[in-house]
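Inspection log for the structure reproduced underneath, given as structure tokens.
What follows draws every value from the coordinates through simple rules; no lab data is involved. If you're wondering where the values come from, they're calculated on a predicted model, not measured in any experiment. Reconstructed Cβ throughout: ideal geometry from the backbone, glycine too, with neighbour counts over all protein chains shown.
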Amino acid sequence: MAEQSFDIIIVGGGPGGYVAAIRAAQLKMKVALVEREHLGGICLNWGCIPTKALLRSSEINHLLHNLDAYGFKADNVSFDIAKIVKRSRAVAKQLTDGVKFLMKKNNVTVFDGHAKLAGKGKLKVEKDGKPVADLAAKHIVLATGARARTLPGLEPDGKLVWTYKEAMVPPAMPKSLLVVGSGAIGIEFASFYRNLGAEVTVVEVMDRVLPVEDEEISAFARKAFEKQGMKIITSATVKSLRKGSDNVAVTVEAGGKSQEILVERVILAVGIVGNVENIGLEGTKIKVEKTHVVVNEWSETGEPGVYAIGDLTGPPWLAHKAMHEGVICVEKIAGVKGVHPMETSNIPGCTYCMPQVASVGLTEKAAKAKGHEVRVGKFPFIGNGKAIALGEPEGLVKTVFDAKTGELLGAHMIGAEVTELIQGYGIAKTGELTEAELMHTVFPHPTLSEMMHEAVLAAYGKTLHM
């Protein structure tokens, strides 16, 4: 088989990989991309996008059962879970097809198969054990992503115990389920199934739900979830699963006491592990720690000419981080002037539960731990005209500033559409704006974004509408 040469080869067609390929092509490189399953990766096929389609359906179901508040009436409202899943899959396919188009448009050569490092600057591609291609390039970018983490004794079986993948395509609507883990993935599924009427229990090993968020936001979220009827057990561990024919008896231990909870299905959402196996890392200088490839600020591994981006590397494990990382990596390789390392504290995090949660930068506790003297501003949704008009008066916007310099250290939000609002604070952090610029920015009325302004004003005792 004749060896095919490229300037750069991307291994993995997820958000990080396909974006890196597009940017490399824009910089006039000859680009190859190897993908073993689906272009778009987990995000487009089994993650970010199809879950948002599912959550949209569950939000509509919630709204239809609360129409009276808006002056409407509907009888015998019901849903078809098969059609909900079908729509989600159609959305995913539309975007995957879009990535195929982008590869063609940018003259990226796509190889369908599994790639493995095979010496300096070389890759072997196979499909179902049969050789597909021998490739060579001066630069190889690994973007193989990650998969769901499992725990001993809690292994998923695809029928009664699910990972995110099975949870996205339920053959029937379970009447009850237990979610292990209350990070973004766990809480999003808990929210989806609860809003469709299932009895939902969430078990979290940490002392609060959404443990990476600001403590005040976590507490607000827990109250909102419990008001919706979710049962939440924190500082708890799942000790065992006992499977029946169509249910699971889950033994949960918390506070030194055990209880058994009977549910139809269990969803595991306990983190991810990097896809480092069988990609040829053996015999290289690439270092792996806790299943993730170690890289420097330019995504360079310990092996010259080999780079790694996205979920394969360190946190935060987010699609938008992977995309930006891919661009930085490729631009550095190409010698683009002005490229600089990514500042992870400027990367927003979003959770699309109901109510939504979004944040960027340091929590109040983390800022104090770093030695900052802080000024904190808060503004509730109930003080915002647009939120009240939307019928979404529950929520909070919180800002954390350095008291000495006025630097915005962090922003934390919970409530309707905050995942769309957080980018405003992201721009402020990237632009290194202080409270002065934010205070002098005119926010349109009536909008939810006005709360972002008020939360800045509140940090300095100048809030107007509370």
*With each pseudo-label sitting 7 Å past Cα toward Cβ, what's the Lys120-Val288 distance in nm, one decimal?*
2.4 nm
*asked:* Under the 0.36 nm per residue contour assumption, what length would be gained going from the current alpha-carbon distance of Lys127 and Lys104 to full extension?
replied: 6.2 nm
*Based on other C-beta atoms within 10 Å, arrange Ile261, Ile414 from fewest to most.*
Ile261, Ile414
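Go ahead and run the numbers for FRET between Lys28 and Lys159, Cβ-Cβ distance against an R0 of 41 Å, rounding to 0.05.
0.25
With N residues in the chain, what two-decimal value do you get for its Cα radius of gyration over 2.2 N^0.38 Å?
In units of the globular-protein estimate, the chain measures up at 1.04.
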*Please compute the net charge surrounding Glu454, taking Lys and Arg as +1 and Asp and Glu as -1 over other residues with Cβ under 15 Å from its Cβ.*
+3
*Which value at 222 nm does the chain reach when only helices count, each DSSP H run of 4 or more adding -39,500 (n - 2.57), with the total divided by all residues and rounded to the nearest 500 deg cm²/dmol?*
-9500 deg cm²/dmol
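If I take R0 = 35 Å and measure r between the Cβ atoms of Ala436 and Val212 in this structure, what FRET efficiency does the formula 1/(1 + (r/R0)^6) give, to the nearest 0.05?
Once rounded, the FRET efficiency stands at 0.75.
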*Which net charge results when you count Lys and Arg as +1 and Asp and Glu as -1 among the other residues whose beta-carbon is under 10 Å from that of Met342?*
-2
*Cα centroids of region 1-46 and region 128-170: how far apart, whole angstrom?*
17 Å
*Can you put Thr291, Thr301 in order, fewest other beta carbons within 10 Å first?*
Thr291, Thr301
_Cysteines without a disulfide-compatible partner [the chain; Cβ-Cβ under 4.7 Å]_ = Cys329, Cys350, Cys353
*PRE reach from Lys223 (point 7 Å along Cα→Cβ): which of region 377-396 fall under 12 Å by backbone N?*
380-382, 394-396
*Mind checking the alpha-carbon convex hull of region 1-144 and giving the volume per residue in Å³?*
122 Å³
*Using +1 at the Cβ of each Lys and Arg and -1 at the Cβ of each Asp and Glu in region 350-428, identify which of Gln356, Pro393, Met413 lies farthest towards the dipole's positive end.*
Met413
*Along the Cα-to-Cβ line of Asp75, 7 Å from the Cα, sits a label point; which residues in region 178-209 have backbone N less than 11 Å from it?*
none
*Where the centre of each part is set by its Cα atoms, how far does region 376-434 sit from region 205-278, in angstrom?*
28 Å
*Ranked Ser258, Ser449, criterion: other C-beta atoms within 10 Å, fewest first*: Ser258, Ser449
